[in-house]
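Participant: Handing you this structure, nothing more for now.
The values are calculated or read from the model by the stated rules, or taken from the named source; none is laboratory data. Not measured: the values here are computed from a predicted model. Here the Cβ positions follow ideal geometry from the backbone for every residue, glycine too, while neighbour counts run over all protein chains shown.
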């Protein structure tokens, strides 16, 4: 029984193996027959090739003749279906074809829609282009130009520590200009160029940063796309000054007042009495007042009203934006009257000259407290001429008079008074 079963099993296996070989042989024969029939009956076939790089060459075209360049395009690769001899194109890849934009009648800047041409690298093979996807490309043409622009600095995240001051207008960039090459229409829209410092930092002293990032803006403050532009520099040094700031009282220097005059009694009103300054160093720590200049006491008349320019050193900054101050005499409690003094003294006359006053009295106005002006008389006024500073060169000359009020320390004379002096050589008198 076992022998019978074993024999039956062997017969079945042998039969299966014979049939399997027959099936394989039939399949191979069918493939061969299909290939022969396809070549014989269908010698041409379509084939789709993908990702063929698109070429845009303006050499020898109207675009080149008009000085235009390709700025951008919206197609980088194309897919092509070609039809040709099965044996010739069956193994084609993207390397066997070229896709190029057809450039015709491109004479001015702007976007142009161009057709796409497909060419086989092997010109001996016959083919037919059935489909190109996409079939057209939008190309932006423009003239490339170069423009030099000044650079400002943007550092939005930098701040100054307490009691210190920082002004973006003082930020310095080196180099201060940059040459930008790109489409002329884009270059024409550049209104401002800035080097960007992205650091977030609180500064307690001057600091130097480095940056390579530039931002361009048009007249509306909108950022300009720089992807089609190049620059002649990409490393910039930015210096950030930090200032000390302080509020100072405004003052003046009273000149040519007699030694007996009480300067504090003079009441001059200023339109502004304080100013806020910033300094790049610590000099402001040493001062509490800022002088507007000198005021001669004799210039102060009843209607005195004078404007002084406030002079600030170039390395300082006026944070108050005050360029001038007006000074007026406060006449409250004051009075004015005209006096004449006949007794005029000559001081420090040279020994080799005899000097005399030619004037027959000196008339001038005086101002002071009402009670002083009411009671003052000629005998309370001393008028003298100091010849120490004069070199006598003629027989007659004018000299400045000094007027003082020894017993009235709040009174002053108005105007620069001059006295006529006659001078005679001492030896000429002795000879006579």
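Participant: Identify, please: which residue in region 375-391 is surrounded by 18 or more Cβ atoms within 10 Å (Cβ to Cβ) and more than 14 Å from residue 411 (Cβ to Cβ) and is, among those, modelled with the lowest pLDDT?
Facilitator: The residue in question is 390.
Participant: Here's a follow-up. Restricting attention to region 132-142, does a residue exist that is loosely packed, with under 14 Cβ neighbours inside 10 Å and in a loop (DSSP other than H, G, I, E, B)?
Facilitator: The answer is yes; a qualifying residue exists.
Participant: Now for a separate question. Do any helices (runs of 4 or more DSSP H) entirely within region 1-102 hold 1 or more residues that are modelled with pLDDT of 85 or more, in the same structural domain as residue 135 (by TED's automatic domain parsing) and within 30 Å of residue 145 (Cα to Cα), and if so, which?
Facilitator: On the way: elements: 2-41, 62-65, 86-89.
Helices (runs of 4 or more DSSP H) meeting the threshold: 62-65.
Participant: Let me ask something else about it. Of the residues 102, 116, 82, only one is out of contact with any helix residue (DSSP H, G or I) (no Cβ under 6 Å at 6 or more places or on another chain) and in contact (Cβ under 8 Å) with a residue 60 or more places away in the chain; which? Break it down into steps so the answer makes sense when it comes.
Facilitator: Details: 102 fails: in contact (Cβ under 8 Å) with a residue 60 or more places away in the chain; 82 fails: in contact (Cβ under 8 Å) with a residue 60 or more places away in the chain.
Checking each option against the conditions leaves just 116.
Participant: Here's another thing I want to ask about it. Regarding region 165-178, can at least one residue be identified that is closer than 17 Å to residue 72 by Cα and either over 38 Å from the mean Cα position of the chain (by Cα) or not in a helix (DSSP H, G or I) (or both)? Outline the logic, then answer.
Facilitator: Taking region 165-178 first, the residues closer than 17 Å to residue 72 by Cα are none.
No; the residues of region 165-178 include none that is closer than 17 Å to residue 72 by Cα and either over 38 Å from the mean Cα position of the chain (by Cα) or not in a helix (DSSP H, G or I) (or both).
Participant: Does at least one position in region 271-278 carry a residue that is surrounded by 12 or more Cβ atoms within 10 Å (Cβ to Cβ) and under 23 Å from the mean Cα position of the chain (by Cα)?
Facilitator: So the first thing to find is which residues in region 271-278 are surrounded by 12 or more Cβ atoms within 10 Å (Cβ to Cβ), and the list is 271-272, 274-278.
Next, only the ones that are under 23 Å from the mean Cα position of the chain (by Cα) stay: 277-278.
Yes, region 271-278 contains a residue that is surrounded by 12 or more Cβ atoms within 10 Å (Cβ to Cβ) and under 23 Å from the mean Cα position of the chain (by Cα).
Participant: Still on this structure: Considering only residues that are assigned to a loop (DSSP other than H, G, I, E, B) and within 16 Å of residue 310 (Cβ to Cβ), which ones fall in region 255-286?
Facilitator: Pass one, region 255-286, residues assigned to a loop (DSSP other than H, G, I, E, B): 256-262, 266-267, 271-273, 280-282.
Correct list: 271, 272, 273.
Participant: Looking for whichever is in contact (Cβ under 8 Å) with a residue 24 or more places away in the chain, more than 23 Å from residue 71 (Cβ to Cβ), part of a strand (DSSP E or B) and not assigned by TED's automatic domain parsing to the domain that holds residue 92 here; the options are 128, 150. Which one fits?
Facilitator: Sole residue among the options that is in contact (Cβ under 8 Å) with a residue 24 or more places away in the chain, more than 23 Å from residue 71 (Cβ to Cβ), part of a strand (DSSP E or B) and not assigned by TED's automatic domain parsing to the domain that holds residue 92: 150.
Participant: Further question: Somewhere in region 206-219, is a residue within 14 Å of residue 148 (Cα to Cα) and in a loop (DSSP other than H, G, I, E, B)? So that I can check it myself, show each step before the final result.
Facilitator: So in region 206-219, the residues within 14 Å of residue 148 (Cα to Cα) come out as 214, 216.
Now drop any that are not in a loop (DSSP other than H, G, I, E, B), which leaves none.
The answer is no; no qualifying residue exists.
Participant: Is it fair to say residue 273 is assigned by TED's automatic domain parsing to the domain that holds residue 308 and free of Cβ contacts under 8 Å to residues at least 40 places away in the same chain? Full working, then the answer.
Facilitator: Details: assigned by TED's automatic domain parsing to the domain that holds residue 308: yes; free of Cβ contacts under 8 Å to residues at least 40 places away in the same chain: yes.
Criteria met by residue 273.
One line per residue, one yes/no per condition, for (1) modelled with pLDDT under 90; (2) surrounded by 15 or more Cβ atoms within 10 Å (Cβ to Cβ):
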{"position": "296", "(1), (2)": "no, no"}
{"position": "300", "(1), (2)": "no, yes"}
{"position": "316", "(1), (2)": "yes, yes"}
{"position": "319", "(1), (2)": "no, yes"}
{"position": "322", "(1), (2)": "no, yes"}
{"position": "330", "(1), (2)": "no, no"}
{"position": "339", "(1), (2)": "no, yes"}
{"position": "359", "(1), (2)": "yes, yes"}
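Table: residues versus (1) more than 17 Å from residue 262 (Cα to Cα); (2) in contact with a helix residue (DSSP H, G or I) (Cβ under 6 Å, 6 or more places away or on another chain); (3) not in a loop (DSSP other than H, G, I, E, B).
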site	(1), (2), (3)
325	yes, no, yes
331	no, no, no
339	yes, no, yes
349	yes, yes, no
